[in-house]
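Report on one structure; see the data block that follows.
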Amino acid sequence: MLHPLKHSRREFLIASATASTSVLCSRNSIALASADENGKFVLHAWERDARNPIFVPRSDFDSSGAQGPFVVLYDGQWWMFYAGIGKDGLQRICLATANPEKPTEWERHGPILDLGPKDSFDERSATYPCVHRIGGKWHLYYSGKSSRENKFHFSNYWGIGLAQSDDLRHWKKHSSEPVLQGDGVQEYPDCQALVGLGNIIAIPQPDGRMLYRLYYTLLPGLKDPNYLANGTWHVIEHKVCVAAHSWDGIEWSDRQIVLERRRNVPTEDIGVVGLNVWKTKNGYRGIYTGLGTKFKTYALAEAASVDGITWNRGGDHNNVSLTLQPGKWDSGMIGYPCVLPENGFIRLFYNGAGGGGTGVGMAVAAKVEND
């Protein structure tokens, strides 16, 4: 059971403001922070790695896919956490490591967490990892898949669990219960479905404390077994990006929508998924997965913000920066991004066709001028 933090919504909003010039900035100032001299939304010029995919599923525990990569740079190595889809069809959180100078040579360490017992939130699979260091320990958040069924299309995803580690290699579950569920979002009060797919940013406070903001994905889409005939893809696949806050990485509160789908924009009129955020000189930049009728699949789009809560996505579909390559490993979709800011540029890891079925790819881009 979740217990709300003993801090008011006002305190959360004040705390969030310390990460930017002002929480009360206008939409015009947000636009200026992300536009060129002609007012056009500025995108990163992503260059795909010629060796893509840099990680190819091939072991018993990931032979059917490597989904939702999340990469941490630690001790001179890349530590990639992902959901390995095994021969049994189940997803388990796996670990692989590599030297950044040899990005196609990964040492696979296999699954690092057991699935939960019968009737638990993670009895059938664990996927979409997110890793961050909080309070002297590494925190691994993952999305559990259960046998629960109700009116929501993704009702079996109803909890985000937590595991902790001292060394990134050995992990212990914090609890058999999730630390975050789908409740608490004002616009969708009865939604019980969610997954992660986002990341965490740390916001320093004037009193020396650190406030953590987790971006995740709410799944309010409703079941419709005849969605193809009824043309209701937008009903079952409705997805939105949400943020929650915590002081300790365990109890999360102040849940609020930060990106809603735009029904008039054909690159994301179905849903928006997995906002990943990084700090810039003028605020924040983000990259997320848009699901729309234009490509009939996922593509990667960008957004900019002063406070990390209110986002500018430009007009219509001109914020899409990475999309399908016909005949390539990522011809079926491009989604589930993970960003790794480095000196002067941003590194991006992402999935291609089949949501990880063809592996993990990489792209890099110089930081845009306003970063």
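Structure notes:
- Options 306, 360, 368: the member that is in contact with a Cys (Cβ under 7 Å, 6 or more places away or on another chain) and β-branched (Val, Ile, Thr): 306
- Given (1) in contact (Cβ under 8 Å) with a residue 40 or more places away in the chain; (2) over 19 Å from residue 275 (Cα atoms); (3) of a type in the set (Gly, Ala, Ser), index of the condition residue 143 fails: (2)
- Residue in the stretch 228-249 that is out of contact with any His (no Cβ under 8 Å at 6 or more places or on another chain), aromatic (Phe, Trp, Tyr) and surrounded by fewer than 18 Cβ atoms within 10 Å (Cβ to Cβ) present: no
- Matching residues in the stretch 291-316 - criterion: being more than 24 Å from residue 203 (Cα to Cα), small (Gly, Ala, Ser) and outside any strand (DSSP E or B): 314, 315
Conditions (1) surrounded by 18 or more Cβ atoms within 10 Å (Cβ to Cβ); (2) farther than 26 Å from residue 51 by Cα; (3) among the hydrophobic types (A, V, I, L, M, F, W, C); (4) modelled with pLDDT of 95 or more, marked per residue:
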residue: 279; (1), (2), (3), (4): no, yes, no, yes
residue: 282; (1), (2), (3), (4): yes, yes, no, no
residue: 303; (1), (2), (3), (4): yes, yes, yes, yes
residue: 307; (1), (2), (3), (4): yes, yes, no, yes
residue: 312; (1), (2), (3), (4): yes, yes, no, yes
residue: 321; (1), (2), (3), (4): yes, no, no, no
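- In the stretch 59-80, the residue that is nearest to the chain's Cα centre (by Cα) out of those that are of a type outside the set (Gly, Ala, Ser) and assigned to a loop (DSSP other than H, G, I, E, B) is 62.
- Test: residue in the stretch 39-51 that is within 22 Å of residue 173 (Cβ to Cβ), out of contact with any Asp or Glu (no Cβ under 6 Å at 6 or more places or on another chain), assigned to a strand (DSSP E or B) and touching a residue at least 12 places away in the same chain (Cβ under 8 Å): no
- Within the stretch 153-167, residues that are under 20 Å from residue 136 (Cβ atoms) sit with their Cβ atoms under 6 Å from residues that are among the hydrophobic types (A, V, I, L, M, F, W, C), at 6+ positions apart or across chains, in these pairs: 162/179; 163/113; 163/140; 163/171; 165/138; 165/171.
- When we screen 62, 49 for residues that are at pLDDT 95 or above and more than 28 Å from residue 116 (Cα to Cα), the only hit is 49.
- Some residue of the stretch 114-122 being crowded, with 24+ Cβ neighbours inside 10 Å and within 20 Å of residue 197 (Cβ to Cβ): yes
- Considering the stretch 321-365, and only residues there that are under 15 Å from the mean Cα position of the chain (by Cα) and part of a helix (DSSP H, G or I), the residue that is nearest to residue 291 (Cα to Cα) turns out to be 355.
The values are calculated or read from the model by the stated rules, or taken from the named source; none is laboratory data. This structure is a prediction, so every number in the text was calculated from the model and none was measured. Neighbour counts run over all protein chains shown; Cβ positions are idealised from the backbone, glycine included.
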